[in-house]
Each structure stands twice: as structure tokens, then as C-alpha cells.
1. What order, most packed first, do the peptides 189-196, 107-114, 119-126 have when packing is the mean number of other Cβ atoms within 10 Å of each residue?
2. What are the ³J(HN,Hα) couplings of the range 126-132, residue after residue, when phi is run through the Karplus curve with 6.51, -1.76, 1.60 and θ = phi - 60°? Round to Hz, x for glycine and proline.
3. Can you run phi through the Karplus equation (6.51, -1.76, 1.60; θ = phi - 60°) for the range 108-120 and list ³J(HN,Hα) in whole Hz, with x for Gly and Pro?
4. So, for the range 80-206, what is the accessible surface per residue at a probe of 1.4 Å, expressed in square angstrom?
5. For a quick protection proxy, order the peptides 61-67, 229-235 by their average other-Cβ count within 10 Å, most packed first.
6. Show me 95-105, 148-158 ranked by packing, highest mean number of other Cβ atoms within 10 Å first.
7. Calculate the spin-label point distance for HIS70 paired with ASP241, positioning each point 7 Å from the Cα along the beta-carbon direction, and give it in nanometres.
8. Please work out whether the range 82-144 counts as rounded, prolate or oblate from its C-alpha gyration tensor, where a ≥ b ≥ c are the square roots of the eigenvalues and a/c under 1.5 means rounded, while otherwise a/b larger than b/c means prolate and anything else oblate?
Amino acid sequence: MLWFPLLLVAWIATAIGCVRLCAAAVVAAGPGGGGRAVTGRRLAPEEAAFLVGGPYRVLDVTLFGMHLRHRLLLAHTGWATVVEPEPAGELERAVVSAAGPGGQERTARIRERAAGSAPVRALGERLSGDGLAVPPAARALMVSALRGVRTAAALTVGCALAALVLPAGGPGPLLTLLWFALPLVASLSCLAIARVEVRPYTRWASPAGRWLLTRTGTDPGGDERAALTAVALRGPDAVTDPLLRRALGHPR
């Protein structure tokens, strides 16, 4: 009867994983998870950038905007040079600080340093408070819960294989597999539902934020704003200048 404790372990792991996933979905869909609708709001380029790609996309837009305004020089060799050390805003201040006292640093290093700066965090918190972005805590909880269900499915398969190689005394290979198929089907079904219902909460934008992003894509603006919005929505690929696109480009 050694197969039965293995079956019990598989069921316990499956139950815990599925319950955690349901609880995380409830938290993410609550008032703090971006579940309320927002209308009549026009997203700024840096706000759209955060909702599409998080802090790194915000830095793409900030660096590109500073380059357009001749406040920063982006070289296709991968270096950035500060031209105007007096920042025009908090995000630019983060870039200037990340460039160091010499005002010159590799673009990737600036992006990495400034991505965790206070202005970028404040932008994310403001969007989360407005219901447009998924709060970091809710996103982390959801990712952890999904990982738990995947672990439970893998554990069920391992327990089933272990039960098959145990000495005789079980219900037989076919019946053993059928017993273990039940928790496995439960885990896989939970993951399949989560792919549709829960997956949006593992991204940056909430449902309300994604709705606003669809309107941002067709929202007219000035030349500079339109260019910044294009980078916010599509990343460096939206830049028409190949050298500047190469200067902004970075592996994801």
C-alpha cells in the first residue's frame, strides 16, 4: 500500500496549488489589482511605456525623448552622453544620476540603474493606485501561485512513476495510473483556466490599463509625442533611424 501515501501527497500538493492560485486571482482582481474601470484618461508616453513593458520601456522612452530634445546623445556604439546636466523632470534626473559624475556611461548600464530608481517606482505606484497597472505584490503572488501549480503537476507525475516501480501490492499499473491521473488533470485544468483568466495579471497593465492602451495607439498628438508614444507601445523597433534604433536596442 505504499502507492497510497504517494497518491495522498499528489492530491495535497494539487489542492494547495489550486487554492493558492484561486486566492491570488481574487487578490489581483480586487480593488488593489487594477480591477476598476478608468475612463476619460489620456496616457502620457511614459505611462503607456510602463503599462506595456514596465520600467525598462519607461527608460527607452525617457532616453529617446532626451535624445530628441538634444539633452542626451545616444551613440550606436552603445554609449550615452549627457549634454544638458539639468534635468527637466524626475525621470530625466534618474537618467542623469545613472550616467554618473562624468556624464557618460553605457546605455544598458544607465537603463539598468535607472529602472529601479524612485521616480520609476513612483510612476508604477501611481498607475497601480489609478487601477491601470497590476501592483507588484499582486503580480508576484500570481507568479508564485502559477509556479506552485506547475510544481504540483510535476510532483504528481513523479509520484505516479514511483508508484509504478514499487513492489507488488498496489491496484495494478493501469488502475494506479488512473488514480494519479485525477490530480494531474486537476492541475492541468487549473493551469488551462489560468492561461485565460489569470494571465493578464502577470503582466504590467490591468484590464483597465490595456483598454486605455488601445485608445492610446490611435490617439493623435504632436510629432514628438507621437514618436514617444510609438516607442512606448512598440519599443525601439518603432524608431525609423537605424543607428538610433541600434543605440536604443537591447536584448530582452
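1. Numbers: 189-196: 14.4, 107-114: 19.6, 119-126: 16.9.
Most protected by this proxy first, the peptides run 107-114, 119-126, 189-196.
2. In residue order, the calculated couplings are 5, 5, 5, x, 7, x, 9 Hz.
3. My calculation for the range 108-120 gives 5, 5, 4, 4, 5, 5, 6, 4, x, 6, 4, x, 5 Hz in order.
4. Working: 6620 Å² over 127 residues.
Per-residue value: 52 Å².
5. Numbers: 61-67: 24.6, 229-235: 21.6.
The most tightly packed comes first, giving 61-67, 229-235.
6. Details: 95-105: 16.3, 148-158: 18.9.
With the highest mean Cβ count within 10 Å placed first, the list reads 148-158, 95-105.
7. In this crude spin-label approximation the distance works out to 1.2 nm.
8. Values: a/c = 4.46, a/b = 2.02, b/c = 2.20.
Since a/c reaches 1.5 but b/c is at least a/b, the shape of the range 82-144 is classed as oblate.
The values are calculated or read from the model by the stated rules, or taken from the named source; none is laboratory data. Predicted, not measured: the structure shown is a model, and the values here were computed from it. Every residue, glycine as well, gets a Cβ built from its backbone with ideal geometry; the counts of neighbours run over all protein chains shown. Calculation scope for accessible area: heavy atoms of the full protein, side chains included, ligands and nucleic acids excluded. Shrake-Rupley method; radii C 1.70, N 1.55, O 1.52, S 1.80 Å.
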